[in-house]
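Working notes for the structure below.
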Amino acid sequence: MTTAYVTDPRYTEHTLEGHPENAGRLYAIWQRLEDAGVLDDLAALEPMMASYNQMEAVHQRRYLEMLEMSRSGLMFLDLSDTYVLPGSFDIARIAAGGVLRAVDAVLHSEADNGIAVIRPPGHHATPQWGMGFCLLNNIAIAAQYARRVFELERVMIFDYDVHHGNGTQDIFYDDPDVLFISVHQYPYYPGTGALDETGIGAGVGATINLPLRAGVGDVGYTKSFDEIVRPAARRFAPELLLVSVGFDAHWNDPLAGMQLTLTGYTHLARRLVEVADELCHGRIVFVLEGGYNLEVLSNGVLNVCYALLGKDKIDDPLGKPLRGEPPVDALLDKVKQLHRLG
Ligand SMILES: [Zn+2]
């Protein structure tokens with residue numbers, strides 16, 4: 001098994017002290033992967049830099065030009081959440097280019113699967129504007145690239161960051177050929193991701209939201225996967241599976257209120273790899289989004305690497321939360337009905 005691993009030291013140049021989305025996240029991941037000795041098993045690749053043409057498949061040109069011109073100092077796109085420094089646009093282009101490189105490797109059969117350990121993250125960035133720590137929608141740019149360059153007809157994006165991937169949803173809302181499924185805490189930032197957001201026009205049904213209430217953990221996430229995500233994937237039959245993975249749904253994450261464990265995260269990653277094996281020759285690329293507890297984040301990425309490599313290994317130094325979790329059955333019944341699943 002060859003697993004492409006794309007990351008880059010330049011990703012640390014976009015950082016702001018005191019902000020949760022800072023360069024320390026990557027230093028923690030790199031250190032953990034090295035300590036675990038997994039780097040020797042991964043095929044390290046260097047990112048490309050996303051071109052204007054590639055970015056414009058997702059973003060409006062005037063937004064890109066605004067980012068390009070913001071080289072005079074620190075500015076924010078949304079109050080104090082989303083910072084842009086003089087070099088940030090280039091770093092964001094290399095982050096998007098990291099996913100492009102991983103997708104390229106997988107679709108050229110240079111690797112079986114891959115992971116892009118990038119930042120800034122991307123799933124909140126809309127066609128018009130960045131928000132929620134995200135400048136460019138990395139995963140959406142990669143999905144468009146896979147369709148345009150490799151002529152794929154169907155790409156699936158699964159998003160299990162704790163926050164709803166509003167930007168990715170927006171970008172593909174009217175598109176029947178990109179299946180977007182998001183499992184997220186709801187109601188919560190950014191406010192979107194309700195059950196009845198299912199797409200528009202030809203895209204109706206190609207957006208599936210699983211808005212989970214706070215406190216859901218391994219049991220609810222696993223059920224959601226088995227009862228909704230896997231059957232929906234089978235029906236859609238993707239040629240490539242892209243995954244927005246954020247580790248902020250962990251019970252010990254400082255920003256959110258879900259209760260996944262690292263073990264639960266790993267079982268989900270393994271299920272995703274299985275689905276890709278079953279439906280699209282194992283072609284799956286994980287793309288890093290959020291995750292703000294560094295121990296969770298670094299072990300979580302390591303466990304995804306294990307899952308991609310087919311290793312039966314899990315590192316979970318934090319264990320389980322003390323509280324129980326609320327049931328998800330009623331919600332899943334509604335989702336099944338709405339999307340005619342099962
Ligand atoms: Zn998040």
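With the structure loaded, tell me whether residue 130 is of a type in the set (Gly, Ala, Ser), more than 13 Å from the ligand (Cβ to nearest atom), more than 11 Å from the chain's Cα centre (by Cα) and more than 21 Å from residue 211 (Cβ to Cβ) or whether it fails that test. So residue 130 passes the test. Here the stretch 272-291 is the region considered, the condition is being over 19 Å from residue 226 (Cβ atoms) and crowded, with 21+ Cβ neighbours inside 10 Å, and the residue that is farthest from the ligand (Cβ to nearest atom) is 283. For the structure I just gave you, tell me whether residue 104 is under 18 Å from the mean Cα position of the chain (by Cα), over 22 Å from residue 166 (Cβ atoms) and at pLDDT 95 or above. Criteria met by residue 104. When the stretch 100-116 is examined, which residues are found to be among the acidic types (Asp, Glu) and closer than 20 Å to residue 136 by Cα? Across the stretch 100-116, the qualifying residue is only 104. Would it be correct to say that residue 338 is surrounded by fewer than 17 Cβ atoms within 10 Å (Cβ to Cβ), within 25 Å of residue 195 (Cα to Cα) and in contact (Cβ under 8 Å) with a residue 24 or more places away in the chain? When the stated conditions are applied, residue 338 passes them.
Restricting 308, 322, 341, 332 to those that are under 28 Å from residue 154 (Cβ atoms) and not in a helix (DSSP H, G or I) reduces the list to 341.
A count restricted to the stretch 155-169 and to residues that are within 16 Å of the ligand (Cβ to nearest atom) and farther than 22 Å from residue 218 by Cβ stands at 5.
Would it be correct to say that residue 149 is over 19 Å from residue 182 (Cβ atoms) and either at pLDDT 95 or above or of a type in the set (Ser, Thr, Tyr) (or both)? Criteria met by residue 149. Out of all the residues in the stretch 207-237, which are without any contact (Cβ under 8 Å) to a residue 40 or more places away in the chain and aliphatic (A, V, I, L, M)? Matches in the stretch 207-237: none.
Before we move on, is residue 213 at pLDDT 95 or above, of a type in the set (D, E, K, R) and under 19 Å from the mean Cα position of the chain (by Cα)? Against the criterion (at pLDDT 95 or above, of a type in the set (D, E, K, R) and under 19 Å from the mean Cα position of the chain (by Cα)), residue 213 does not qualify. Could you run through the stretch 178-198 and say how many residues are more than 13 Å from the ligand (Cβ to nearest atom), in contact with a strand residue (DSSP E or B) (Cβ under 7 Å, 6 or more places away or on another chain) and not hydroxyl-bearing (Ser, Thr, Tyr)? So the answer is 7.
The number of residues in the stretch 1-13 being under 17 Å from residue 120 (Cβ atoms) and either surrounded by 15 or more Cβ atoms within 10 Å (Cβ to Cβ) or in contact (Cβ under 8 Å) with a residue 24 or more places away in the chain (or both) comes to 7. So which residues in the stretch 158-187 are of a type in the set (Ser, Thr, Tyr), surrounded by 20 or more Cβ atoms within 10 Å (Cβ to Cβ) and closer than 19 Å to residue 335 by Cα? Answer for the stretch 158-187, where residues must be of a type in the set (Ser, Thr, Tyr), surrounded by 20 or more Cβ atoms within 10 Å (Cβ to Cβ) and closer than 19 Å to residue 335 by Cα: 160, 182, 186.
Just so you know, in the stretch 208-230 the residues that are in a loop (DSSP other than H, G, I, E, B) and among the small types (Gly, Ala, Ser) include one that is nearest to residue 185 (Cα to Cα), and it is 214. Every condition in (1) closer than 16 Å to residue 286 by Cα; (2) in a helix (DSSP H, G or I) is met by residue 242 except one, and the failing one is (2).
The single condition among (1) under 20 Å from the mean Cα position of the chain (by Cα); (2) within 21 Å of residue 168 (Cα to Cα); (3) among the acidic types (Asp, Glu) that residue 112 does not satisfy is (2). Annotation note: of 268, 212, 260, the sole residue that is buried (at least 22 other Cβ atoms within 10 Å of the Cβ) and within 30 Å of residue 150 (Cα to Cα) is 268.
The values are calculated or read from the model by the stated rules, or taken from the named source; none is laboratory data. Everything quoted here is computed from the prediction, not taken from an experiment. Using ideal geometry, Cβ is built from the backbone for each residue, glycine included, and neighbour counts are taken over all protein chains shown.
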